[in-house]
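The values are calculated or read from the model by the stated rules, or taken from the named source; none is laboratory data. Source: prediction; values computed, not measured. All Cβ positions, glycine included, derive from the backbone under ideal geometry; neighbour counts span all protein chains shown. Protein only, heavy atoms only, side chains kept; ligands, DNA and RNA dropped before computing areas. Shrake-Rupley method; radii C 1.70, N 1.55, O 1.52, S 1.80 Å.
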Amino acid sequence: MKLIGADIVLESLKRIGVDTIFGYPGGVVLPLYDRLPKHPELRHILVRHEQGGGHAADGYARASGALGVALATSGPGATNLVTAIQNAMMDSIPTLFITGNVARNLLGKDGFQEADATGIMMPTVKHNYLAMRARDLAYSFAEAAYIATTGRPGPVHIDIPKDVFLEEAEFEWPERISIRGYHIPSAGDPGLIQHAVKLIDAAEQPLIIAGHGVILGDACEELRLFAERTGIPVLNTLLGLGSIPRNHILSYGMMGMHGSYEANMSASNADLVIAIGNRMDDRAMGRFDGFNDSAKVIHVDIDPSEHNKNIPATVPIAGDVKHVLPQLTEAVQQNTHAKWIQWINKVREEHAHSIAVPEGPALTVQYVVRCISDLNDDDVIIVTGVGQHQMWVAQQMCFTRPRQLISSGGLGTMGFEVPVALGAQVARPDATVWSICGDGGFQMTMQELATIAEEQLPVKMAIINNGFLGMVRQWQELFYEDNYVAVALSQPDFVKLADAYGIKAIRISERDRVEGAIEEANAHPGPVLIDFQVEAEGNVWPIVPAGAALSETVVGPELPNEVTT
Ligand SMILES: Cc1ncc(C[n+]2csc(CCOP(=O)(O)OP(=O)(O)O)c2C)c(N)n1
């Protein structure tokens with residue numbers, strides 16, 4: 001069957017299983033838009049900025065596990081996608097980014113709206129293509145989807161010159177994809193598994209660090225079974241939250257820069273660390289050379305390039321967590337580690353104050369996010385921005401299932417909160433989606449309120465309005481002697497702003513009105529924005545100052561003198 005390139009692209013998307021495209025048109029992609037009405041199975045959502053479209057695709061993928069797709073025009077359309085692509089790259093999100101480019105005879109001529117999108121994207125993607133012939137399109141799309149969704153997932157980019165959309169070619173959908181050198185590890189090497197089992201059986205103070213890979217690899221049940229058989233406590237990285245229910249007896253929550261004191265102390269005192277599906281990044285592990293150097297380390301990851309990158313592994317296992325965890329569970333001895341767990345529980349009790357929701361009349365962020373957690377059921381999806389509110393969400397909310405928390409972990413992208421919530425709601429129309437927004441981050445991508453209103457997506461947005469770029473202000477207070485520079489934030493009237501978009505809005509400045517407002521938002525069938533006017537200068541504790549080790553976690557306002565950035 002002969003088709004023009006535009007139809008090949010759209011037909012290919014359907015074959016891949018795509019149902020939604022978050023896009024923004026422009027000259028070179030007009031041939032594609034021209035054919036879109038002929039493919040009604042594909043829902044196109046017109047975002048208000050390409051970054052928003054890229055993040056929405058990311059949110060769609062995180063909420064559903066399916067491939068998220070964003071489309072943009074050449075030049076500025078393509079460059080506006082870069083933040084969203086790098087964000088998806090750092091958090092391993094299966095996404096497909098399609099851009100148009102100038103016609104083939106104009107490539108390299110610096111014509112209107114030409115950018116070397118392939119060159120710009122190359123270091124930010126798992127793989128990319130410049131599609132120079134219509135007859136290559138179907139295979140490229142099939143291969144792109146395969147690469148984005150298999151092994152360690154990630155973003156793939158396809159750049160298509162305008163005239164390729166118009167060129168005719170035979171549409172041939174490949175039966176199978178085979179890529180030389182693209183090897184996806186599955187089960188772990190039996191010798192390494194045996195070695196790991198010996199270490200696990202011999203350990204007296206073992207610890208599991210479960211990361212995002214457990215969720216991406218659909219291995220949460222396998223994690224629970226392994227933890228329960230071995231009696232090993234589980235810590236999470238930020239993006240690993242939800243891989244084990246937070247109310248499970250072996251769950252000890254988040255470790256790292258704003259992890260709990262007991263999490264960071266147990267990581268510092270463990271004699272065996274079993275890292276599963278995480279990158280051992282600095283925000284979670286603290287200063288690498290200060291990390292517990294007496295512990296043995298088993299590191300399970302589907303991407304062997306993560307092994308020995310940050311923390312040396314005694315046993316690096318390249319494999320799919322879904323296969324490796326049962327291999328370990330079948331071979332290890334049953335245990336309870338009662339003494340070790342007692343020790344951790346005691347540390348937790350003694351430092352409970354450091355992470356408790358503050359009492360008193362002030363409207364604190366901790367109180368707001370705890371209420372949102374308590375007043376929603378397990379099906380809620382929580383999206384965050386980046387900053388103080390993000391860390392309080394991680395500390396205070398009870399995540400009970402995978403894909404419940406959606407946050408920008410690796411890149412730490414402010415502006416993530418609104419468009420990602422939009423994408424998550426499109427993927428999960430039945431779920432209640434709450435976006436916990438910083439007043440700074442919200443203002444970076446708030447143009448997507450128009451998309452939310454137009455599509456009548458019932459997203460609930462809680463603006464945590466402290467009048468500051470809170471996390472930066474906290475650092476200036478703690479590490480730069482209260483020298484507040486460029487952190488006080490003037491804002492529009494958020495209630496009037498929402499009203500202008502036709503979105504229901506509520507303003508809350510008293511603690512005793514928080515619950516009622518959340519219930520009102522939950523009951524409202526459409527989108528809602530709540531402007532929570534919280535205390536201005538709360539600080540997130542505990543903290544591991546930049547450059548410090550986890551063992552140097554500081555629980556409260558008295559910072560040791562030698563701490564600097
Ligand atoms: C795009 C982007 N620019 C700058 C930063 C640096 N940064 C990290 S947190 C933060 C402040 C965030 O303020 P807000 O969104 O109001 O959240 P809060 O910390 O007050 O909860 C800034 C500026 C960032 N993470 N992302």
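Return a yes/no flag: does segment 56-63 have any residue that is modelled with pLDDT of 95 or more and either surrounded by fewer than 21 Cβ atoms within 10 Å (Cβ to Cβ) or of a type in the set (Ser, Thr, Tyr) (or both).
yes
Just for segment 64-90: of the residues that are surrounded by 23 or more Cβ atoms within 10 Å (Cβ to Cβ) and within 16 Å of the ligand (Cβ to nearest atom), which one is farthest from residue 165 (Cα to Cα)?
Across segment 64-90, the extreme among qualifying residues is 87.
Among the numbered conditions (1) open to solvent by less than 20 Å² (accessible area, probe 1.4 Å); (2) within 15 Å of the ligand (Cβ to nearest atom); (3) in contact with a strand residue (DSSP E or B) (Cβ under 9 Å, 6 or more places away or on another chain), tell me where residue 445 comes up short.
Here residue 445 meets the rest and fails (3).
Out of (1) out of contact with any strand residue (DSSP E or B) (no Cβ under 9 Å at 6 or more places or on another chain); (2) under 24 Å from residue 490 (Cα atoms); (3) away from the ligand (no atom under 11 Å from the Cβ), what's the single condition that is false for residue 456?
The one condition residue 456 does not meet is (2).
Please verify whether residue 33 is buried (at least 17 other Cβ atoms within 10 Å of the Cβ), more than 17 Å from residue 459 (Cβ to Cβ), modelled with pLDDT of 95 or more and of a type outside the set (Gly, Ala, Ser), treating the condition exactly as stated.
yes
Taking into account only those residues within segment 143-171 that are assigned to a helix (DSSP H, G or I) and aliphatic (A, V, I, L, M), which is farthest from residue 68 (Cα to Cα)?
In the first step, residues of segment 143-171 are kept if they are assigned to a helix (DSSP H, G or I); the result is 143-149, 162-166.
Subsequent filtering for residues that are aliphatic (A, V, I, L, M) retains 144-145, 147-148, 164, 166.
Details: 144: 12, 145: 10, 147: 13, 148: 10, 164: 23, 166: 25 Å.
Here the answer is 166.
Just checking, does segment 355-376 include any residue being farther than 23 Å from residue 519 by Cα and open to solvent by 10 Å² or more (accessible area, probe 1.4 Å)?
To start, the set of residues in segment 355-376 that are farther than 23 Å from residue 519 by Cα comprises 355-356.
Those left that are additionally open to solvent by 10 Å² or more (accessible area, probe 1.4 Å): 355-356.
Yes, the conditions are met somewhere in segment 355-376.
Quick one: what pairs do we get from segment 370-394, first residue over 15 Å from residue 435 (Cβ atoms), second among the β-branched types (Val, Ile, Thr) and within 12 Å of the ligand (Cβ to nearest atom), C-beta under 7 Å, 6+ apart or different chains?
Within 7 Å, the pairs are 388/365; 388/540; 391/540.
Within segment 84-120, work out how many residues are within 18 Å of residue 152 (Cβ to Cβ) and of a type in the set (A, V, I, L, M, F, W, C).
Looking only at segment 84-120, we keep the residues that are within 18 Å of residue 152 (Cβ to Cβ), and these are 85-97.
This time we only want the ones that are of a type in the set (A, V, I, L, M, F, W, C), so: 85, 88-90, 93, 96-97.
Counting residues in segment 84-120 that are within 18 Å of residue 152 (Cβ to Cβ) and of a type in the set (A, V, I, L, M, F, W, C) gives 7.
Out of everything in segment 331-351 that is out of contact with any Ser or Thr (no Cβ under 9 Å at 6 or more places or on another chain) and under 18 Å from residue 555 (Cα atoms), what residue ends up being least open to solvent (accessible area, probe 1.4 Å)?
345
If the Cβ limit is 9 Å and pairs must be 6+ apart or interchain, which residue in segment 480-493 that is farther than 25 Å from residue 507 by Cβ pairs with which residue that is assigned to a loop (DSSP other than H, G, I, E, B)?
Every condition considered, the pairs that remain are 480/565; 486/469.
For residue 266, are the conditions met, namely being without any contact (Cβ under 8 Å) to a residue 24 or more places away in the chain and polar (S, T, N, Q)? If you could, list the steps in order and put the result at the bottom.
Numbers: without any contact (Cβ under 8 Å) to a residue 24 or more places away in the chain: no; polar (S, T, N, Q): yes.
Here the answer is no, as residue 266 does not meet what is asked.
Restricting the search to segment 403-437, which residues are in contact with an Asp or Glu (Cβ under 9 Å, 6 or more places away or on another chain), open to solvent by 10 Å² or more (accessible area, probe 1.4 Å) and not in a helix (DSSP H, G or I)?
409, 410, 411, 428, 430, 432
What is the number of the single condition among (1) surrounded by fewer than 16 Cβ atoms within 10 Å (Cβ to Cβ); (2) in contact (Cβ under 8 Å) with a residue 12 or more places away in the chain that residue 40 does not meet?
That leaves (2) as the condition not met.
Please list, ordered by first then second residue, the pairs with beta carbon atoms under 6 Å, 6 or more apart or interchain, first in segment 62-80 and closer than 30 Å to residue 402 by Cβ, second of a type in the set (Phe, Trp, Tyr) and open to solvent by less than 40 Å² (accessible area, probe 1.4 Å).
Sorted first by the residue in segment 62-80, then by its partner, the pairs are 68/60; 70/22; 70/97.
Go through (1) at pLDDT below 95; (2) not in a loop (DSSP other than H, G, I, E, B) and name the single condition residue 565 misses.
It is condition (2) that residue 565 fails.
Which one is nearest to residue 394 (Cα to Cα) among residues in segment 253-275 that are more than 24 Å from the chain's Cα centre (by Cα) and open to solvent by 10 Å² or more (accessible area, probe 1.4 Å)?
Applying the first criterion (more than 24 Å from the chain's Cα centre (by Cα)) to segment 253-275 yields 262, 265-266, 268-272.
Those still in the list that are open to solvent by 10 Å² or more (accessible area, probe 1.4 Å) too: 262, 265, 268-269, 271.
Details: 262: 15, 265: 18, 268: 20, 269: 23, 271: 26 Å.
This residue is 262.
With segment 463-529 as the region, which helices (runs of 4 or more DSSP H) entirely inside it contain at least 1 residues that are under 16 Å from residue 453 (Cβ atoms), open to solvent by 40 Å² or more (accessible area, probe 1.4 Å) and not basic (Lys, Arg)? Lay out the reasoning, then the answer.
Working: elements: 470-479, 494-500, 514-523.
So the answer is 494-500.
Determine if segment 143-155 includes at least one residue that is surrounded by fewer than 22 Cβ atoms within 10 Å (Cβ to Cβ), over 30 Å from the mean Cα position of the chain (by Cα) and of a type in the set (Lys, Arg).
no
Quick one: which residue in 342, 334, 395 is within 16 Å of the ligand (Cβ to nearest atom) and over 30 Å from residue 21 (Cα atoms)? Explain how you work it out, then say what you get.
Values: 342 fails: within 16 Å of the ligand (Cβ to nearest atom); 334 fails: within 16 Å of the ligand (Cβ to nearest atom).
After applying the criteria, what remains is 395.
Conditions tested, residue by residue: (1) under 30 Å from residue 427 (Cα atoms); (2) touching an Asp or Glu at 6+ places or on another chain (Cβ under 9 Å); (3) aliphatic (A, V, I, L, M).
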| site | (1), (2), (3) |
| --- | --- |
| 446 | yes, no, yes |
| 495 | yes, yes, yes |
| 504 | yes, yes, no |
| 515 | yes, yes, no |
